[in-house]
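Notes for the one structure printed next.
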Amino acid sequence: NAPNGTAQLDRVWAVDMDKDYSYNAIVQKYYINGDYDDPDVMSGENLVHEAWSYDGEWIMAVKNVATKNNIKRGVGNAGAVMVRPDGTDKRYIYADYTFTHEHGGSTYMGICHCMLNWKSNRWLAADSSYGSGFSDLYLIDTYANKSHYLCRLPEKGVDPGHIHPQFSPDDNMIVFGCWSDKQDHGEIGWIDVSDIIAAA
């Protein structure tokens with residue numbers, strides 16, 4: 001998990017069980033600006049936390065762009081990536097957020113986790129992590145590339161850490177794990193987003 005993306009250039013794979021065939025599901029962008037071993041090079045598209053949509057129509061991943069020592073590491077803009085299982089219709093969802101989280105001494109611009117809703121694949125439930133005791137929850141409209149800030153939750157440096165949001169099966173709620181306000185025990189929370197979805 002190199003901050004410049006070099007270790008993640010072919011991370012997202014899928015397997016066709018009928019044909020016993022595996023393939024690189026999301027082909028990541030690759031860019032060299034000088035020496036491959038130069039730690040300051042912008043050398044790859046860093047994708048993490050890959051997942052299927054609930055209906056199996058999309059493969060998705062989180063795209064991070066890191067900054068270390070005030071030098072950008074990674075290609076393009078942070079956000080989410082969606083692609084059809086056959087590799088077609090690749091979409092970048094940037095929305096209007098500037099999520100930030102810390103990992104391995106780098107500052108990462110991007111979301112930690114995201115999951116599509118059940119019924120339409122229009123909405124993403126996404127979390128952020130700031131390495132300073134809190135995690136934010138957002139609802140992202142993938143059609144309009146617009147994000148809705150929902151709430152801020154306590155975070156600790158151990159699991160559950162950031163909140164790993166999921167949609168309820170009826171898409172009316174986002175469910176997540178978090179720490180109590182005193183950060184002495186884990187909790188499960190939920191927030192109603194039906195009014196935002198209905199108004200879109």
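The values are calculated or read from the model by the stated rules, or taken from the named source; none is laboratory data. If you're wondering where the values come from, they're calculated on a predicted model, not measured in any experiment. Reconstructed Cβ throughout: ideal geometry from the backbone, glycine too, with neighbour counts over all protein chains shown. These area figures cover heavy atoms from the full protein model, side chains too; ligands, DNA and RNA do not enter into them. Shrake-Rupley method; radii C 1.70, N 1.55, O 1.52, S 1.80 Å.
Please enumerate the residues belonging to region 52-90 that are small (Gly, Ala, Ser), closer than 19 Å to Val15 by Cα and either in contact with a strand residue (DSSP E or B) (Cβ under 6 Å, 6 or more places away or on another chain) or open to solvent by 70 Å² or more (accessible area, probe 1.4 Å) (or both). Hits for region 52-90 are Ser53, Ala61. Met109 fulfils the conditions (1) at pLDDT 80 or above; (2) under 11 Å from the mean Cα position of the chain (by Cα) except for a single criterion, (1). Would you be able to say whether some residue in region 12-21 is at pLDDT 55 or above, surrounded by 13 or more Cβ atoms within 10 Å (Cβ to Cβ), over 15 Å from the mean Cα position of the chain (by Cα) and within 19 Å of Met109 (Cβ to Cβ)? Checked region 12-21: no residue is at pLDDT 55 or above, surrounded by 13 or more Cβ atoms within 10 Å (Cβ to Cβ), over 15 Å from the mean Cα position of the chain (by Cα) and within 19 Å of Met109 (Cβ to Cβ). If only one of Asp184, Asp195 is open to solvent by 30 Å² or more (accessible area, probe 1.4 Å), at pLDDT below 95 and either among the charged types (D, E, K, R) or outside any loop (DSSP other than H, G, I, E, B) (or both), which one is it? Answer to the selection: Asp184.
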